[in-house]
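Here the structure comes first, spelled out in structure tokens, and everything after it is commentary.
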Amino acid sequence: MALSNYSAFYNALQEQNSVNAIITGGTGANTRLHDLYRGIIDPTTGAIPAIPSTAVALSKSNTTALNYYLPNYSPELPYIVGARSSTQGVIGYYLVIDRLSHQGGLDGNSALTQTTNLPTAALTRFTSGVGVMIGLTIYTAVGTAGSTVTASYTNQAGTSGRTTVAQVFGTSANNTTGRMLILPLAAGDTGARSVESVTLALATGASGNFGVTLFKILGAIALDTTNNSFTNDMITGGLLGGIPELQDTSHISLLGAFSNTTSSGNATLLIAEG
Amino acid sequence: MAAITDLSDLINRFTGGNSGTPENIFVYKAPRINGTAVGATNAAVAGKYVSLWQYDGTHGNGSAPGAVAVPTNSTNGALPITNPGGSREKWLTQVSGASSAAGVLLLYDRLLHISGLSGTSTADQTVQGASPSVVLTRNTGGVGNIVFYEVYTQIGATATTITMTYTNSAGTGSRTSTQTIGGTGFRNAQSGYIIPLAAGDKGVQAVEKVKLTATTGTAGDFGITIAKPIAYIPIGTVGVMGFRDFSTGLPGIPKIDTDACLAFLFLSNSTTAPELTYGLSFVEK
């Protein structure tokens, strides 16, 4: 159910149903996008989430979901009504994502077409694929030799055999642990349902470990001053995406880009029932 | 036309009430064209606009249009927004953007475009012609419309002048204005150079033709684009997300025309080809 007016929105902000992410220091290239999946401690185990191997579709029932402890809202809809966040010595931004499907075990030192742990698991949300992005998450650093990467995917119309446009891979800014490389789609495509294979043009010199992550961006949080805390909502600004709607089974996670290689901080998302 | 009434109305529509149909679109753009990294012939120039029309991205890239045409939201390269349903209108509520290079994002509706013009010809080069058969379908009155020449393949290193003959927003034809074309800073592919209008003019309904005073030395491929600017988003610091929230700041909440072909120019502070992540939020009323 929609929030009917400002009073309803204000009340929603007071509900204090929240999800918290403590982002530990990571490594990576300055200002480049990072996947914070393994930068956020799993609250149920106190451990860093394991590197994925086989293809898995993710949901709120995975302990790595930031919204794991939230109640079920169905049949109502939950919304992100606000955010509190802080950073330590860095500026940048968070992207709030619904992490739909991921896998790992790909080799940064192979120039063959790779199908290990592929295709990706079928989407269970945003199943049309519209707006679903293909990211490559580097779980263990690959080599520094410059290469490019493409993926064979099924687009939002269900057409298989589509090929992403070549994207940079390897080199010092694009090989580090935690780095997320988003793959541009072929002309005319607006999203992806699945990835069937990944191909590097050249070996990077080290195998490392990387994998495909399918995700949809729900919102963004601007972090524009260092050592500061931020309170953002659609009234005060700084929370982009309006009042993003979640699906009850969403697996909320974060991407981030920071001005320094140590990307530590925290983010709290305020969730309210519509 | 029914504007957003107040904050309560906006909140209600943001969350899907009253057929608000909220739409959030986030985009990633790589500094690559059809898989090839931006290089010397299409490098960014500090203080000049980069056209992101052909930059690779998560909704696919655009291409050189060829014959004069009116692009829409279904044209490759356009932001893939949906048209409003029923008799509703679409409103832009937020824009955000982060980049690997500092600068300013300019969001615009791409109203008409053409490519295939030559950097060596000194003859009249027809855009829409004196009696256009292809005309604007959005913001047809022309007030606020700008014109830029857009380079698709690098033109020559000799600077000269381009003269544009156009019809202004009052419907007066045969208006002329000029801009530098060719030479350092005015020749790279994936660049856009706004052509100033004649004194007293407030916009453009049509562009009849363009003419170069002299050859630039290389034909390359350039075109003319008519656009309606919608929003400027400052990205003052590399890697930090700049944003415009139209519910909290001027110029208010812009209406987005049905079929609008939303695209971006990037006014770069440096020669670094921008790698961008940006997002836009819309509601309907």
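Bear in mind that the values in this text are calculations on the coordinates, not laboratory data. Keep in mind the model is a prediction, meaning the values are calculated, not measured. No Cβ is skipped: glycine too gets one built from the backbone with ideal geometry, and neighbour counts run over all protein chains shown.
Structure notes:
- Per-residue extension of 0.36 nm, minus the Cα-Cα distance of residue A:20 and residue A:72, leaves a gain of 17.0 nm for this segment.
- Value of relative contact order over chain B, rounded to a whole percent, pairs C-alpha under 8 Å and six or more apart: 36 percent
- Kirkwood hydrodynamic radius over Cα pairs of chain A, then Stokes diffusion coefficient at 10 °C and 1.306 mPa s, in µm²/s: 84 µm²/s
- Violating pairs (Cα-Cα greater than 23 angstrom) within the set B:90/B:202; B:202/B:228; B:228/B:255: B:90/B:202
- Most mobile listed residue (A:50, A:145, A:21) in chain A, GNM with C-alpha springs under 10 Å: A:50
- Residues whose amide H comes within less than 5 Å of that of residue B:38, counting only those at least five positions distant or on another chain, are B:32, B:33 (H built at 1.01 Å from N in the peptide plane).
- Cα gyration tensor shape of segment B:1-136, rounded if a/c is under 1.5, else prolate or oblate by comparing a/b with b/c: oblate
- Selection from A:141, A:124, A:66, by position along the positive dipole direction of segment A:30-273 (Cβ): A:141
- For chain B, radius of gyration divided by Kirkwood radius, i.e. Rg to Rh on alpha-carbons: 0.97
- 17 Å Cα-Cα reach of residue B:48 towards aspartates and glutamates, excluding residues that sit fewer than 8 places from it in its own chain: B:150, B:275
- Two-decimal Rg to Rh for segment B:185-254 - Kirkwood Rh, Cα set: 1.06
- Counting Lys and Arg as +1 and Asp and Glu as -1 over every other residue whose Cβ lies under 11 Å from the Cβ of residue A:270, the net charge comes to -1.
- Shape category assigned to segment B:58-153 from the gyration tensor of Cα positions, a/c cut at 1.5: oblate
- Cα gyration tensor shape for segment B:138-275, rounded if a/c is under 1.5, else prolate or oblate: oblate
- Rg ratio (alpha-carbon, reference 2.2 N^0.38 Å) - segment A:102-169: 1.19
- Dividing the mean sequence gap of close Cα pairs (under 8 Å, 6+ apart) by how many residues chain A holds gives a relative contact order of 37 percent.
- Scattering curve values for the protein assembly as shown, log₁₀ I(q)/I(0), Debye with Cα scatterers, q = 0.05, 0.07 Å⁻¹: -0.20, -0.40
- Highest-MSF residue in chain B out of B:146, B:253, B:224 [GNM, Cα springs under 10 Å]: B:253
- Of the chymotrypsin sites (Phe, Trp or Tyr not before Pro) in segment A:46-123, those whose Cβ has at most 11 other Cβ within 10 Å and which sit in DSSP loop: none
- Amide H contacts for residue A:91 (H built 1.01 Å from N in the peptide plane; partners 5 or more residues away or on another chain; cut-off under 5 Å): A:259, A:260.
- Viscosity 1.567 mPa s, temperature 4 °C, Stokes-Einstein D of segment A:4-98 from Kirkwood C-alpha radius, µm²/s: 82 µm²/s
- Converting phi to 3J(HN,Hα) with the Karplus coefficients 6.51, -1.76 and 1.60 and the offset θ = phi - 60°, segment A:50-62 yields 5, 5, x, 10, 5, 5, 9, 8, 9, 8, 4, 6, 6 Hz in sequence order, with x at every glycine or proline.
- Taking 16 Å as the straight-line reach from the Cα of residue A:60, the lysines in range (excluding those fewer than 8 positions away in the same chain) are A:216.
- Working from label points 7 Å from Cα in the Cα-to-Cβ sense, the residue B:41 to residue A:202 distance is 2.1 nm.
- Karplus (6.51, -1.76, 1.60) ³J(HN,Hα), θ = phi - 60°, over segment A:188-202, in Hz, Gly and Pro reported as x: x, 8, 10, x, 9, 9, 6, 10, 9, 7, 9, 9, 8, 5, 9
- Of B:142, B:116, B:16, the one that fluctuates the most in a GNM where chain B has Cα springs shorter than 10 Å: B:16
- Annotation for segment B:141-226: trypsin sites (Lys or Arg not before Pro) lying in DSSP loop with at most 14 further Cβ atoms inside 10 Å of their Cβ are B:202.
- Working note: Karplus 6.51/-1.76/1.60 with θ = phi - 60° gives segment A:114-126 the couplings 9, 10, 4, 6, 10, x, 5, 5, 4, 5, 10, 9, 6 Hz, where Gly and Pro are set to x.
- Scaled radius of gyration (Cα, divided by 2.2 N^0.38 Å) that segment A:173-226 gives: 1.48
- Radius 11 Å from Cβ of residue B:174, net charge of other residues (Lys, Arg +1; Asp, Glu -1): +1
- Debye intensity ratio I(q)/I(0), log10, segment B:151-195, q values 0.18, 0.20, 0.27 Å⁻¹ (C-alpha model): -0.58, -0.67, -0.90
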